Amino acid sequence: VLIDRGHREVPIHPDYIGKQLPTAKEEMIKVYLQETDGRDGVELVKG
């Protein structure tokens, strides 16, 4: 998992996590990659 927000609904968890970033359920994380978006970055969007 690139970014783990928490919010588990089933007893499954990733073995490898790039970054743990706790968020509210209404918040969303957008990930931008150079190859597809022209830039690398992570954005937290409030919902």
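Computed extension gain for residue 23 through residue 39, at 0.36 nm per residue and net of the alpha carbon distance, reaches 3.4 nm.
Give, in whole angstrom and from largest to smallest, the semi-axes √(5λ) of the equivalent ellipsoid of the chain, with λ running over the eigenvalues of the Cα gyration tensor. If you can, show how the numbers build up before the last one.
Working: eigenvalues 91, 44, 12 Å².
Three semi-axes, in Å: 21, 15, 8.
Model label sites at residue 13 and residue 30, defined 7 Å from Cα along the beta-carbon direction, differ in position by 3.1 nm. Among the GluC sites (Glu not before Pro) in the chain, those placed in a DSSP loop whose Cβ has at most 11 other Cβ atoms within 10 Å are 9, 26. Near residue 45: Cβ cut-off under 10 Å, other residues only, Lys/Arg at +1 and Asp/Glu at -1. The net charge is -1.
Every number here is computed from the coordinates shown, using simple stated rules; none is lab data. All values reported here derive from a predicted model rather than from experimental measurement. Don't worry about glycine lacking a Cβ; one is built from the backbone with ideal geometry, like all the others, and counts go over all protein chains shown.
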